[in-house]
Amino acid sequence: MARKRIALIGGGQIGGVLAQLIAQKELADVVLFDIVEDMPQGKTLDIAEASRIDGFDIKLKGTNEYKDIEGSDLVIITAGLPRKPGMSRDDLLTTNAKIMKSVAEGVKEFAPDSIVIIISNPLDAMVTLFQKVSGIPHSRVMGQAGVLDSSRFSTFISWELDISVKDVNAMVLGGHGDTMVPLVRYANVNGVPVMELLERKYGDAAKAKEVMEAMVKHTKMAGGEVVKLLKTGSAFYSPAASAIAMAKAILNDENRVLPTCAFLQGEFGVDGYYVGVPAVLGSEGVVRILELSLNEEEKSSLDNSINAVKNLVEDMERLGF
Ligand code: TXD
């Protein structure tokens, strides 16, 4: 069996960590593309020179030419500017849409049979634009946000309950923005509802609710919190780790259920938009959407988030993309 190949478009903070993680896990050979001359070549050389120490044996190539991504099984896109303190993800729309359009043209020409994971912000709009320009089928074009937002939510729950994060399962749906929807009712520790554990801890339902609301707020603001602390750039370790989980599920045909920015065709009452939902990921990309029942409050939060995504996509179209 030929070795798998992953092309990384964008060799900045997230792209660099992605290349290192793929190498260390021997997930696939790596092609790292960036428009900055020499930088992707330098990063891949540096990573390759750690191979004897870390004991991995994969090929790494840095490039400024799209033709080198030919034959890639998977493409992960991080090209685009990150946020500066005080900026919302949506503030990146015009700059990153221009970049995404050029990336989509490059991938369309040289890796049209690949599966594509987009990370660049504003996520839901960038995935929509990439699919439209590349023409790659919807099931093979998706975005990463939900794995990260869910991991953030799970991390805060584990800290609050003083329980290993490995036993926490929590999911965040909706768009990757301030309207995202952490699903409180489904959050659990090995099947036990988190709300029940909070009520036991505090012996008071109102206090438990208040603590949960604070964790939900923290999850929504978590990206901005990192931006504020870093001062230059945004989170990069955790977004890279999140995309690796998706890449692994796809390359190893795992059928894992991961919150994914996927194209909906009637699921959750949405038709024709990319939104964050639980999706089964395997060798075909998004194999299917896993629908689940939502109560009135959850449904209205998700609708609110979907409207924000629709508005963003309309803004982008108005700008001529
Ligand atoms: O979970 C998520 N989806 C995210 C998304 C979490 C955190 C950050 N997220 C977004 O990812 C962030 O808002 C940015 O839009 C992207 C990439 O973030 P990163 O931190 O890696 O940004 P860098 O370090 O600035 O890297 C971007 C690279 C940089 O090296 C540029 O030279 C390159 O993109 N770039 C391009 N590459 C290819 N083609 C073009 N046209 C291009 N323009 C810039």
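The values are calculated or read from the model by the stated rules, or taken from the named source; none is laboratory data. This structure is a prediction, so every number in the text was calculated from the model and none was measured. A quick note on method: Cβ atoms are made from the backbone with ideal geometry, for glycine too, and the neighbour counts reach across all protein chains shown. Note: areas computed on protein heavy atoms with side chains; ligands, DNA, RNA excluded. Shrake-Rupley method; radii C 1.70, N 1.55, O 1.52, S 1.80 Å.
Annotations for the structure displayed:
- Qualifying positions in the stretch 185-196 - in contact (Cβ under 8 Å) with a residue 24 or more places away in the chain and either open to solvent by 40 Å² or more (accessible area, probe 1.4 Å) or within 16 Å of the ligand (Cβ to nearest atom) (or both): Arg185, Tyr186
- Of all the residues in the stretch 169-192, those that are touching a Phe, Trp or Tyr at 6+ places or on another chain (Cβ under 6 Å), among the small types (Gly, Ala, Ser) and in a strand (DSSP E or B) number 0.
- The lone exception for Gly177 - which of (1) within 16 Å of the ligand (Cβ to nearest atom); (2) under 17 Å from Ala245 (Cα atoms); (3) open to solvent by 10 Å² or more (accessible area, probe 1.4 Å); (4) not polar (S, T, N, Q) it fails: (2)
- Number of the exception - Gln13 against (1) open to solvent by 20 Å² or more (accessible area, probe 1.4 Å); (2) modelled with pLDDT under 95; (3) closer than 26 Å to Val227 by Cα: (2)
- So Pro85, is it open to solvent by 40 Å² or more (accessible area, probe 1.4 Å) and either touching a Lys or Arg at 6+ places or on another chain (Cβ under 6 Å) or not assigned by TED's automatic domain parsing to the domain that holds Asn252 (or both): yes
- Residues of the stretch 59-81 that are under 21 Å from the mean Cα position of the chain (by Cα), under 20 Å from Ala23 (Cβ atoms) and open to solvent by 50 Å² or more (accessible area, probe 1.4 Å): Asp73 alone.
- Complete set of residues in the stretch 52-92 that are at pLDDT 95 or above, charged (D, E, K, R) and over 20 Å from Ile118 (Cβ atoms): Arg52, Asp54, Asp57, Lys59, Lys61, Glu65, Lys67
- Qualifying residue in the stretch 5-17 (condition: more than 15 Å from the ligand (Cβ to nearest atom), out of contact with any Gly (no Cβ under 9 Å at 6 or more places or on another chain) and assigned to a strand (DSSP E or B)): yes
- Filter pass, Ile69 being more than 10 Å from the ligand (Cβ to nearest atom), farther than 22 Å from Ala145 by Cα and in contact (Cβ under 8 Å) with a residue 60 or more places away in the chain: yes
- Whenever a residue of the stretch 224-252 is away from the ligand (no atom under 12 Å from the Cβ) and assigned to a helix (DSSP H, G or I), its partners that are open to solvent by 50 Å² or more (accessible area, probe 1.4 Å) and among the polar types (S, T, N, Q), lying with C-beta atoms within less than 8 angstrom and at least six residues away or across chains, give the pairs Ala249/Asn255; Ile250/Ser283; Leu251/Ser283.
- Residues of the stretch 28-58 satisfying the condition of being of a type in the set (S, T, N, Q), within 15 Å of the ligand (Cβ to nearest atom) and over 14 Å from Leu18 (Cβ atoms): Gln41
- Scanning the stretch 256-286 for residues that are more than 21 Å from Ile77 (Cβ to Cβ), touching a Leu at 6+ places or on another chain (Cβ under 7 Å) and not aromatic (Phe, Trp, Tyr) yields Val257, Val270, Asp271, Pro278, Val280.
- Among the residues making up the stretch 287-315, those that are under 22 Å from Arg185 (Cβ atoms) and in contact with a Leu (Cβ under 7 Å, 6 or more places away or on another chain) are Ile289, Leu294, Glu298, Leu302.
- Residue that is least open to solvent (accessible area, probe 1.4 Å), among those in the stretch 252-296 that are within 29 Å of Glu26 (Cβ to Cβ) and acidic (Asp, Glu): Glu254
- Among the residues listed as Thr219, Thr232, the single one being touching a helix residue (DSSP H, G or I) at 6+ places or on another chain (Cβ under 7 Å), in the same structural domain as Thr155 (by TED's automatic domain parsing), of a type outside the set (Gly, Ala, Ser) and within 29 Å of Ile6 (Cβ to Cβ): Thr219
- Glu109 touching a residue at least 24 places away in the same chain (Cβ under 8 Å), within 12 Å of the ligand (Cβ to nearest atom) and surrounded by fewer than 15 Cβ atoms within 10 Å (Cβ to Cβ): no
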